[in-house]
Every structure is written in C-alpha cells, then in structure tokens.
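Colleague: Next up is a structure, given as structure tokens.
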Amino acid sequence: MRSFIRHIFALFTISFASAFTTHAFILDTYAESSVLSSGRWIKVSVTESGLHIIPTSTLRAWGFSDPSAVRIFGYGGARISDQLSRANYVDDLPVVKSELTANGIVFYAQGPGVWKQERDDIFTHSLNPYSTKGYYFLTDSRPNTDSSISTEGGSPTDGAATTFTERIYHELDLVTPAESGHQLVGEDFRYTSNRTFNFQLPGNAADSVWMQCDFFAKSTSSPVQLSFTANGQKLASASGDRVPATAEWGRTATIRKRFPLSGNSLALGIGISISSPISLANLDRILLTYTREISMPTSGPLIFTATNRSVKLKGIKADTRVWDVTNPNTPIAMPVTTTSDGAGAWTSDYNGLRTYAAWSSTAGLPNPRFVGNVANQDLHAKQTPDMIIISPSQLLEQSRRIANLHSAAPRNLEVLVIPEEQVYNEFGSGTPDLNALRRMLKMFYDRGNASGAEHTLKYVLLMGGAHHDHRRLTSAMAGSSAITLPIWQSELCDGESSSYCSDDPLAFLEDNSGLSIASDRLSVAVGRIPARSVSSAKNYVDRLISYVNNPPKSEWRNRILMFADDGNTGQHMEQSDAMEDTMRTNSSGRGFTYHKVYIDAYELRNGTSEEAKKKVSSLFDDGVVIWSYIGHGAINNLSGDGIFTSTYLNNLYLRHPFFFYGATCTFGQLDGNATSGMESLIMTDGGGAIGGFCATRPVYISLNGPLSKESGIEFTRREADGNFQPVGEVFRRAKNSRKGDDNVRRYILFSDPALRLATPANNIRLLSINGQEVSEDSQPTIAARSQTVVRGEICDPDGNRIEGFNGWLSLSLYDAERSITSLGRKVGDDEGKKHTFEEQGERLYAGRTQVTDGIFEIIIQMPSEIADNYRPATVSMFASADDGQEASGVCRDLYAYGLDENALPDDVPPVIEYLYLNHDSFKPSDAVDANPMLIARVSDDTGLNMSSAGIGHQMSISIDKDQSFTDVSSRYTPDSDGSPAGTILYQLPELTAGNHTATLKIWDTGGNSTSASIDFFVNPDLAPKIFDIYSDANPATTEANFYVNHNRPDAMLTVKIEIFDFNGTLMWTSETSGRADMYASAPVTWNLTTTSGSKVSRGIYLYRATISSGGKSSSLTKRLAVAPQ
C-alpha cells in the first residue's frame, strides 16, 4: 500500500504543477544562503555516471583529517532542462547520500551522459553539450548534515526479474558539420568508407541485439547509402539505410535495426557507398541494447535497470550492497534477501523503471578527480539588483567598470557583477550549463517581483564571446584562448534555416517557460558584449564610458541613417519606409531627421556606387545616432553592391559611434570560428558602433518587416522620466510583440542592455519665426534671401522651460523633402521594382547662438537659391548648457519657399581668411601625404551659402581643375557666437604623387563668390610629423598623461609611448590606435609603474612618442621628472 500511495501522490503532484501555472515560484523555493557561504570546500569531477569512491588516503591528502565528517554536495553533470518548472528546479547544492566504508566514501555520481527510455528495450543516450564532466563539492564543515542512506523495500516475490536491458553507446564528438548547433560528430568516412566498431556484451542472455546508428552526411546530388555487418555477417538492408541528398549543411539519418546475435562480443561494421562527390560523412553515434543476465560481474559494480518491482541478482557476496539510484542524490538501500540458490532478491516500493547499482567493498570503483579549492560564496544572500553582469574571471575588471558607470548618478542602478563560476557552483552543481545562469536569474527575478521588493531585475549583460562548441572539443576551440560564455543553440546543425543560436532563452523566466522558444516572452532585457579577449573588452568599455559620459555635442544625436538594399522587389525599401513611418507616429520620433540612402536609387558602375558610398561616409563623419540597415548580409559584409565590405566596416573609426539596427542575415554570427561583421563593428578599437541588433543566421524578409516596425516604435518610446528607454528594453518589447515568431530568436543584442542612446531627454522648441508663432496651426514661410529671426526655448520632457539653461545652441535648416523614385534594377532573377520615397532636403543653413535662461534667438540669412518645393522644411537643433544639461529638437512646422523681393542688395563677397593643408605650419608647395585635409576659415558680412539647390553656387573644392567636390558645406562648422563665419575641414581623397593645386570656392547668400588656391606636393611615403609632445604633469607624482601634436588631423594613428630610465632601460610602454582629434592624439596615461606593475622610483626619465600612419612613423623624445609619491 505504501508504494501505491507514493505513486498516486507523485502523479497528483505532477498534474497539479502542470495545471496551475503561477508567475513565480514561491520564495521559499530559494535558500536564504548557500551552503558554500561558510566552511572549507573543494570541487571534484567525474566523467561518467556510476558508483565512485573517494579513498580515505585521498581525503586526508585533500586536508580532511576526519573522513566521517566529510559530506558531498551537488548533483553532477546531467544537462539542465530548458523547461523552467518547479518540478525540475534544484536550488543550491543538495547533499548526496553516501556510505563511509573502511576504504573511503562511496557515492553514486551523475556524469554528463543521460539514458532515456523510449519504449521497452529501446533507449536513447545524450551528452551534456555544455560539459564533459559532472562536478561535486566536498566539505567537513557540515558534519551534522544527514548523508546516510535509508533502506526501503520488501521481500522478493515470485516472478522476480532475472534479466535487464543493457545499454551501450559509442559517441566521439570531434568536429562540427557547420559551426552551428550543439551537434558534433565523430569518425570521418570520406576516406575510410568502411569501419568496424568492437563491443563487449557480457552476460548476453538472448539471441538478438537492437542497434541505432546516427550518421551525418552532406551530398548535394545523390544519397549516401549505408550498409552494416555484425561479426562479419551482412545485415538486411532497408530503404531508410541512407542519408538523403541535400543542399543544406547536411542531414542526420537515424537507422535502427534488430538483428540476431549470440555470444558476448560484437564487431559492428559500417560502410558507406556514394555515386557522387560528398563533402561530409561522419558517424554521430551508435546505441546498442541487449538482454543481459542480472548477475554480478567478476570485478567492479553492476549498474542495471528493471521495471519489475521484484528483482533477483546472481553472484552476490556477503558484503554486496544494492542501491536504488534512480535519484542519484538519494540512493535507497535495498533489503537483499538470500534465496535458496544463493542469489539476492528484493522488492521495490516503487513502480516504473528503476536504476540499481550493486557493489561490494572489494569492487574497483573509479575515483573523482580533484578540481580545486572553492572560496566561500553566497549569491543566494544577495539582494535583487536592477542589473546583473555575468562575467568570466578575465573580464571582471571591465565588468565592474560598466557596473560603476550605471550605478553612478543619474542612473543610480543597483548593479551586481557575478563571476560565471560562482553561478555554475550554486545553480549548476559546478557544471557550466546555460540553464544554471537562467536558474540564478529566475531566483532574482522572482524575488524582485515579490511584494515589497526594493529593486526589480531588468537588465542582464553577458560579458564575453560565444561559440557553439562549449566543451572545446573541436580543433578550433581545443587550443583557443577566446573568452566565451554559454549561448543557447539548436540541437542539430542540419541547415541554416533551422539551426541557430540565441540569447533570448536566458530571459525566459516565467514559470514553465522554455519549451516554446517562439512563444515564450522575454522577462528581462539581455545583451552581450562579445569580448573574446581582455584587450577587446577594455577597448569597448573605454568607448562605452566615453559615449555615456561625454558624447560629442552636436546635431548627430538626433540624426538617423536609413539604408535599404536593392533586390527582393523593393521590399527592403518598403520596410525601411514603414519603419520610419512608425518612428514618426509619436512626437519623440518626429524629433529626429531621417537621411536615406536607398541603393536602388543610384546607378552602379563596376558593381557599386561611389556616390552612395560617399553619401554614407559623409553621414558617418557628421554622425548618426542610429544606422538602420535593411537588406542582404553575410557574416562579414553587407549589401551585394560593394559598399559595406569587411575592409570598409572594419576601418570606420568614427568620432560619433552609432547604434546599428540590421534587418539582415548572418551579420551577427558570433558563435563560429570567424569574427562576424557585427563583432568587428563594435569591438574594434575606435570602431564604428556602440552597439547593434542583428541576426546570427539567415532570417526571413517577410518576418523582418514587422520586427522593424515594432523596433521603430520602441526606439522612439520614452519612459516616465522623459528619457528614451534603454536599447535592451527596446528589443525586449519589440520581440515580445512578435509572439509565435521564432525568426526574432535569431536576433541578438550586441550591447549593454542598459545603454541609452545619446539623444537627450530635454527638448528644443521653436516659438516664433519673424514674430509669427510656430505650431501645427501656424506654420511660417521663410523666403529665399530673407533675413529671418528665429526664437525658441529649451524645455524639460514635460514641456516646461528650463530657466536655468545657459549655454549654446547649434541649428541647421534643411530644405523641403523631395520625392525620389528608384530605378527598379534587376538583381539576379529578381526583376526589381521601382519605389518612390521621401528624402530629406539639402542643408540651407548652419549656425550657432547663445542660450540664456532657456531662451535663444538666431538670425538666419537665407540663400538666394532654394528648392522652392512647397512642403515643410526641417530645423534640427542641439543645445548644451554650461552645467552639463543638453537638449535636442526637430521642427517641421515651417516652409522654405518663395523669394524676398525686398531683400537688400549684397555686393560684398565672402572672405577666405586662411587656407592650408594638414597643419598651420604648411607653406605653399610643401609636401603632404596622399590624403591631406584642407583647412580653411571663411566668413561673410551677411551669410555664407550652404545650399546646393543652385547650379554652380555650392561651396566647392577643385584639384588641378580635373576633380571637383561640391559637398564641402557638409564639412563646415559655424562659429559659436552666431556670426556668419566658420571653419571648413575637408578630407581630400587619395591623390597621386606629384605637384597639385587645390582651389576652394565659396559663395554668400547674395550670389557673391571668392576663391583661393594653394600648391602642394604629394609624397605617399611621407611620414607623419610630430611638432610637440608634452605631459600634463612634470614632475609627476601619481600619473602622467602624454599628448602628441602632429600634422595628421583626421588620420588613423598608432601612438606608442615608451618610458626609459637614464641608462636606456625600457621601463614601460603603451600602444594605442585611434582617429586623430585634429592635431592632437588622445592622451596616453602612465601610472608611474613598470611593465611588471611595480612603482618606479623618483628621478628623471625619458619618454619617447612614436606616431605611425600608413606604415610610416616618426618619433620625438623628452624628459619627465618623477617626484616622491
């Protein structure tokens, strides 16, 4: 009756748990403190499931003087289920029941492999894809914890089981078929088409064997035929004995056979035959089952299963023990009764398949391996934070820098940095399983959502790269130093449409989540910084801190680039327009300017468009806060039109880092051996992006469109305090809106999820133009050649003027939008489709003025030539206050149209005050590098012409009268006092060696022009020149910052600083790369230590600066005094 009641109660518990789903586990599910929080602990490992012994001598060698006080905790290496349910949740480290014998402690350990009964004598076997070992923890600090094994069961009955189904597997995980999914395969059959695998079948008590063979192959034109032999006898073939041909990565064929066999050994032969070329042919695994006698072997233990409650075991000894190890952590001792024929028998209290382990004190049992001492830790006792950063040990320093960034004002987030190893120890029994991370997050999520919780978990940052081979078994990973954290993977790697990776499952934290990857919702925002090395992590964190604390102050922070690829019947352009439309549906989205480059609108020459590339590069240089790309992609490039090549993307080095949104395929494939384009874009020192969101595998264009629209809505959503929501929340909400769509799971956030884009929360509002109110109901018109007075105010997110805002404001006026119809170019088999879209008008004016008490006024001198298109013009604004406050805004409630007939005549030409190349030390005919920067200061008495509407009246630069550039106004920066004057910084294209003449021509708004020319000599081999190096501290007491002045104002430079003592011994060195900020490099900081980290003594040192660009370098040396510290 006891067993029946237990059985019914177990069924009721499972049914009850399934029928009633709650938001969170009850809080007493989680221990208040981990067992690892106190005492001495060591960690051990096992490689397979079964009985293990820790010899007494080993325990003493490990520092345990009293073996009777030693307790074992943990649950080994079985893979943690993706389903997050209370029924399968294991909290912290449970004690393992064990027995102390004269020889040592015996316990049953769970390795990384698990058998599962499919039916009758058919079993399947799986390995943990995250680990090759299972782990346990030993301590002598908890001697009162009960680890004794209880005895349950009864006397044997008639009909006791005397045989069982023995299980054998062979699986070598050696290579990956396609760098995707958990699936690794073994022996290669391409060059050895027939192989034999030998198995021992002790105690074979029947005349047949069941076999399963999983075989992976890739043949594009004909199937791969398999044949089998058993002890030299050919087995009957079947129609399914083959791997079908496929155009995908490959296919796995599962072949099952039952064949006659007597004796205790099997030589299983497997052969393949093909009639066409084959690229892959690998054995995945072999499974065997046969009927075996329940009898103790001559040596070692016996592990077996039985469904019959009554069991009979032959060959027992006086000290033979039998444990029921169905639950490995809590073995149950069976009351073995000796039968008349000398066997042992018993009856279990439990129904169903049970696993038993029979052993004696003389059995040779394997020993666990020592892994290391474990420091005390207690994640269970931590309070729920707003943000968790999970970090490998190598990246903890950089992770803490991010934590400090977010915990400081004004964010004031509670941030918890957790070493990954601690998570595995407390939530995975030491096994580096992805779902150990998820269990930990579940605990904090549930606690944070409980009544009275001070903080709620919102953001999770994974600090580290990713790879599909978590166990580092493939040749590429076996010797790799790449730093990685686990990532969810599909089980198989048959094809790119079904096999992918995702970080989303870590955010599935609702009860019973994890079974439906398409439908489960993201409970928290998850992002990953894919740093594979300490140096790349530091580079990124340096850029992140700079982006958050000191982003460049200009209108780039409310500017968005929309790029759409050609092909696919115009769908990329249509989706890009739809995304913009959704962004403009609210006032926040209308606070951006949208600049479009749709490649189908440009003629291609030699497969690409230099015009489109130039426009994109110009926008990148000016700065955009978001770059939206919708189109074709590959692992390291974008578009098929030669614009975004890997070389181009890897060498952006922008001063205004953008956030990349990519509705494209594979560009974010971070889990293979190659570095993806997305990784390069964000991890490159001085690179182009501060973060990104894109797919790791091919994605479907029809499903990308809705995701882009939802992302557009979320990009422009503000939180209650007026700030734009963090990027992690943008994509959490966007993905959750696509329930049932597993296409979104292929997208990963390559960013700190708590990052907010650099667009300010405060707004700029126009009040009047020439005294007329500016509003939706009152839209003034600005005529060509008119002098226009614009007034406005700085407002907080609630629309209230910020009266304490004192600083400056920059303003750009853009002409009316214009309609452009693309070419409808045929791409491959795609006939193409013409598409009409709206593009932002050209810039008509750029100026700056002062802001006092939240009010500003600026005078715009309109050019004489405008588009005269009666559609709304656009004013873009950015303001910065002396106290650090910022604001931005865009207004479209005005028109630029008509001509002011009463405008006063202007016959005074503009002035070019100076003109030189690279540096103010330049003299006519001086030598320069092949890509010099033209630098000029220009001014006018009324206004400089920024417009490109009039033919021939644009600011322009010509080289030798052969090349002409008319986009010069985009490189013009107005003076801050509002006067019609400013500076031109124009990077010339690569020029040929020899003598050249550059001519700058400018126009004012009255139609007057001025030009100036300079002669120069191009020497492509010219090294950069250092004019000065200096330190901000001399003598230095704590640190010294070194600065280098040079003549490469916009070049990519490598700056090397070396410190020598007066004997010429190198004490310290640093080398950094980045884009020059005009004539100065970014400071290089020396903390007055040697390369080994020890403090230098007081004295005089030499510091040498070397700058390199394009393979050429120059150096300069000075002295530095170090004072007592």
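The values are calculated or read from the model by the stated rules, or taken from the named source; none is laboratory data. All of these numbers come straight from a predicted model, not from anything done at the bench. We place every Cβ from the backbone using ideal geometry, glycine too, and count neighbours over all the protein chains shown.
Colleague: What are the pairs, 6+ residues apart or on separate chains, where a residue within the range 743-760 that is closer than 15 Å to Glu710 by Cβ has its Cβ under 6 Å from a residue that is outside any loop (DSSP other than H, G, I, E, B) and aliphatic (A, V, I, L, M)?
Modeller: Note: pairs meeting the criteria are Asn743/Leu703; Val744/Leu707; Tyr747/Ala695.
Colleague: Hey, another quick one. Of the conditions (1) surrounded by fewer than 22 Cβ atoms within 10 Å (Cβ to Cβ); (2) modelled with pLDDT of 90 or more, Val624 fails just one. Which one is it?
Modeller: Of everything listed in (1) surrounded by fewer than 22 Cβ atoms within 10 Å (Cβ to Cβ); (2) modelled with pLDDT of 90 or more, Val624 misses just condition (1).
Colleague: Only one of Ala31, Ala17 is among the aliphatic types (A, V, I, L, M), within 19 Å of Thr145 (Cα to Cα) and either in a loop (DSSP other than H, G, I, E, B) or modelled with pLDDT under 95 (or both); which?
Modeller: Working: Ala17 fails: within 19 Å of Thr145 (Cα to Cα).
Within the list Ala31, Ala17, the selection yields Ala31.
Colleague: I'm trying to understand the selection: among the residues of the range 301-315, which are surrounded by fewer than 21 Cβ atoms within 10 Å (Cβ to Cβ) and either free of Cβ contacts under 8 Å to residues at least 24 places away in the same chain or touching a Gly at 6+ places or on another chain (Cβ under 9 Å) (or both)? Give the steps one after another, and end with the answer.
Modeller: Taking the range 301-315 and keeping what is surrounded by fewer than 21 Cβ atoms within 10 Å (Cβ to Cβ), we get 303, 305, 307-308, 310, 314-315.
Those that are surrounded by fewer than 21 Cβ atoms within 10 Å (Cβ to Cβ) and either free of Cβ contacts under 8 Å to residues at least 24 places away in the same chain or touching a Gly at 6+ places or on another chain (Cβ under 9 Å) (or both): Ile303, Thr307, Asn308, Ser310, Lys314, Gly315.
Colleague: Which of the residues spanning the range 687-719 are in contact with a Pro (Cβ under 9 Å, 6 or more places away or on another chain) and of a type in the set (Gly, Ala, Ser)?
Modeller: Gly687, Gly688, Ala689, Gly691
Colleague: Hand me the list of strands (runs of 3 or more DSSP E) wholly inside the range 204-261 holding 3 or more residues that are more than 18 Å from Ser193 (Cα to Cα). Walk me through how you get there before you give the answer.
Modeller: On the way: elements: 204-218, 224-230, 251-260.
Those strands (runs of 3 or more DSSP E) span 204-218, 251-260.
Colleague: Given the options Tyr424, Tyr445, name the one that is out of contact with any Leu (no Cβ under 7 Å at 6 or more places or on another chain) and either among the hydrophobic types (A, V, I, L, M, F, W, C) or not assigned by TED's automatic domain parsing to the domain that holds Leu36 (or both). If you could, list the steps in order and put the result at the bottom.
Modeller: Details: Tyr445 fails: out of contact with any Leu (no Cβ under 7 Å at 6 or more places or on another chain).
After ruling out the rest, the residue left standing is Tyr424.
Colleague: In addition: Mind checking whether some residue in the range 440-451 is touching a residue at least 12 places away in the same chain (Cβ under 8 Å), within 22 Å of Arg521 (Cβ to Cβ) and in a loop (DSSP other than H, G, I, E, B)?
Modeller: Our first condition is that a residue be touching a residue at least 12 places away in the same chain (Cβ under 8 Å); within the range 440-451, this holds for 440-450.
If we keep only those that are within 22 Å of Arg521 (Cβ to Cβ) as well, we get 440-450.
Narrowing further to those that are in a loop (DSSP other than H, G, I, E, B): 449-450.
Yes, the range 440-451 contains at least one residue that is touching a residue at least 12 places away in the same chain (Cβ under 8 Å), within 22 Å of Arg521 (Cβ to Cβ) and in a loop (DSSP other than H, G, I, E, B).
Colleague: Among the candidates Ala525, Ala476, single out the residue that is surrounded by fewer than 22 Cβ atoms within 10 Å (Cβ to Cβ) and either free of Cβ contacts under 8 Å to residues at least 24 places away in the same chain or of a type in the set (A, V, I, L, M, F, W, C) (or both). Break it down into steps so the answer makes sense when it comes.
Modeller: Details: Ala525 fails: surrounded by fewer than 22 Cβ atoms within 10 Å (Cβ to Cβ).
Result of the check over Ala525, Ala476: Ala476.
Colleague: State yes or no: is Leu93 surrounded by 19 or more Cβ atoms within 10 Å (Cβ to Cβ), touching a strand residue (DSSP E or B) at 6+ places or on another chain (Cβ under 9 Å) and outside any helix (DSSP H, G or I)? Give the steps one after another, and end with the answer.
Modeller: On the way: surrounded by 19 or more Cβ atoms within 10 Å (Cβ to Cβ): yes; touching a strand residue (DSSP E or B) at 6+ places or on another chain (Cβ under 9 Å): yes; outside any helix (DSSP H, G or I): yes.
Considered against the rule, which asks whether it is surrounded by 19 or more Cβ atoms within 10 Å (Cβ to Cβ), touching a strand residue (DSSP E or B) at 6+ places or on another chain (Cβ under 9 Å) and outside any helix (DSSP H, G or I), Leu93 comes out as yes.
Colleague: Of all residues in the range 321-366 being under 50 Å from the mean Cα position of the chain (by Cα), hydroxyl-bearing (Ser, Thr, Tyr) and in a strand (DSSP E or B), which is surrounded by the fewest Cβ atoms within 10 Å (Cβ to Cβ)? Show your work before the answer.
Modeller: Of the residues in the range 321-366, the ones under 50 Å from the mean Cα position of the chain (by Cα) are 322-333, 350-359, 363-366.
Subset that is hydroxyl-bearing (Ser, Thr, Tyr): 326, 330, 350, 355-356.
From the residues that got through so far, the ones that are in a strand (DSSP E or B) too are 355-356.
Values: Thr355: 19, Tyr356: 24.
Per the criteria, the residue is Thr355.
Colleague: Right, here's the next one. With respect to the numbered conditions (1) within 25 Å of the chain's Cα centre (by Cα); (2) among the acidic types (Asp, Glu); (3) assigned to a helix (DSSP H, G or I), which one is the sole condition not fulfilled by Asp520?
Modeller: Single failed check for Asp520: (3).
Here's the yes/no breakdown for (1) over 22 Å from Ala109 (Cβ atoms); (2) in contact with a Phe, Trp or Tyr (Cβ under 6 Å, 6 or more places away or on another chain); (3) buried (at least 17 other Cβ atoms within 10 Å of the Cβ):
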site	(1), (2), (3)
Ser141	no, no, no
Ser147	no, no, yes
Thr163	yes, no, yes
Thr176	yes, no, yes
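Colleague: If the Cβ limit is 7 Å and pairs must be 6+ apart or interchain, which residue in the range 94-118 that is within 21 Å of Ser150 (Cβ to Cβ) pairs with which residue that is hydroxyl-bearing (Ser, Thr, Tyr) and in a strand (DSSP E or B)?
Modeller: Val96/Tyr136; Ala109/Tyr136
Colleague: Okay, next question. What strands (runs of 3 or more DSSP E) lie completely within the range 800-874 and have 1 or more residues being without any contact (Cβ under 8 Å) to a residue 24 or more places away in the chain and either surrounded by fewer than 20 Cβ atoms within 10 Å (Cβ to Cβ) or assigned by TED's automatic domain parsing to the domain that holds Val790 (or both)?
Modeller: Details: elements: 807-814, 818-821, 836-839, 843-852, 855-861.
Filter on the range 800-874 gives 818-821, 836-839.
Colleague: Those residues that are out of contact with any Leu (no Cβ under 7 Å at 6 or more places or on another chain), farther than 12 Å from Leu749 by Cβ and either hydrophobic (A, V, I, L, M, F, W, C) or without any contact (Cβ under 8 Å) to a residue 12 or more places away in the chain (or both), I need them from the range 664-689; list them, please.
Modeller: Cys665, Ala674, Met683
Colleague: So which of Arg745, Arg756 ends up being farther than 30 Å from Gly898 by Cα and not in a loop (DSSP other than H, G, I, E, B)?
Modeller: Details: Arg756 fails: not in a loop (DSSP other than H, G, I, E, B).
Of the residues listed, the single one that is farther than 30 Å from Gly898 by Cα and not in a loop (DSSP other than H, G, I, E, B) is Arg745.
Colleague: Next up: Being farther than 23 Å from Ser628 by Cα and either free of Cβ contacts under 8 Å to residues at least 12 places away in the same chain or assigned by TED's automatic domain parsing to the domain that holds Pro974 (or both) narrows it down to one of Ser497, Ser546, Ser533, Ser516, so name that one. Can you show your working first?
Modeller: Numbers: Ser497 fails: either free of Cβ contacts under 8 Å to residues at least 12 places away in the same chain or assigned by TED's automatic domain parsing to the domain that holds Pro974 (or both); Ser546 fails: farther than 23 Å from Ser628 by Cα; Ser533 fails: either free of Cβ contacts under 8 Å to residues at least 12 places away in the same chain or assigned by TED's automatic domain parsing to the domain that holds Pro974 (or both).
After ruling out the rest, the residue left standing is Ser516.
Colleague: Do you know which of the residues in the range 1072-1125 that are in a loop (DSSP other than H, G, I, E, B) and under 30 Å from Pro1020 (Cα atoms) is modelled with the highest pLDDT?
Modeller: Taking the range 1072-1125 first, the residues in a loop (DSSP other than H, G, I, E, B) are 1076, 1078-1079, 1081-1083, 1087-1088, 1090-1094, 1096-1098, 1110-1111, 1123-1125.
Then keep just the ones that are under 30 Å from Pro1020 (Cα atoms); that gives 1076, 1078-1079, 1081-1083, 1110-1111.
Values: Ala1076: 71, Met1078: 57, Tyr1079: 55, Ser1081: 64, Ala1082: 69, Pro1083: 78, Gly1110: 78, Gly1111: 81.
In this case the residue turns out to be Gly1111.
Colleague: What's the total number of residues in the range 926-951 that are among the aliphatic types (A, V, I, L, M), outside any strand (DSSP E or B) and crowded, with 22+ Cβ neighbours inside 10 Å? Let's see the steps before the verdict.
Modeller: At the first step, the residues of the range 926-951 found to be among the aliphatic types (A, V, I, L, M) are 927-928, 930, 933-936, 938, 944, 946, 949, 951.
Retained after the next criterion (residues that are outside any strand (DSSP E or B)): 930, 946, 949, 951.
Now drop any that are not crowded, with 22+ Cβ neighbours inside 10 Å, which leaves 946.
Residues flagged as among the aliphatic types (A, V, I, L, M), outside any strand (DSSP E or B) and crowded, with 22+ Cβ neighbours inside 10 Å within the range 926-951 amount to 1.
Colleague: For a quick check of your reading of the model, give me the residue pairs whose first member lies in the range 1041-1063 and is free of Cβ contacts under 8 Å to residues at least 40 places away in the same chain and crowded, with 20+ Cβ neighbours inside 10 Å, whose second is of a type outside the set (Val, Ile, Thr) and outside any loop (DSSP other than H, G, I, E, B), with beta-carbon atoms closer than 8 Å and at least 6 apart or on different chains.
Modeller: Cβ pairs passing all conditions: none.
Colleague: Another one. Could you say whether any residue in the range 900-909 is surrounded by 18 or more Cβ atoms within 10 Å (Cβ to Cβ) and β-branched (Val, Ile, Thr)? Spell out how you get there, then give the answer.
Modeller: Going residue by residue through the range 900-909, those that are surrounded by 18 or more Cβ atoms within 10 Å (Cβ to Cβ) are 903, 906.
Now drop any that are not β-branched (Val, Ile, Thr), which leaves none.
The answer is no; no qualifying residue exists.
Colleague: Please work out if Thr384 is in a loop (DSSP other than H, G, I, E, B), within 52 Å of the chain's Cα centre (by Cα), hydroxyl-bearing (Ser, Thr, Tyr) and surrounded by fewer than 21 Cβ atoms within 10 Å (Cβ to Cβ).
Modeller: Working: in a loop (DSSP other than H, G, I, E, B): yes; within 52 Å of the chain's Cα centre (by Cα): yes; hydroxyl-bearing (Ser, Thr, Tyr): yes; surrounded by fewer than 21 Cβ atoms within 10 Å (Cβ to Cβ): yes.
Yes: the conditions hold for Thr384.
Colleague: Shifting gears a bit: Taking the range 718-742 only, how many residues are part of a loop (DSSP other than H, G, I, E, B) and either surrounded by 15 or more Cβ atoms within 10 Å (Cβ to Cβ) or touching a His at 6+ places or on another chain (Cβ under 9 Å) (or both)?
Modeller: Residues flagged as part of a loop (DSSP other than H, G, I, E, B) and either surrounded by 15 or more Cβ atoms within 10 Å (Cβ to Cβ) or touching a His at 6+ places or on another chain (Cβ under 9 Å) (or both) within the range 718-742 amount to 7.
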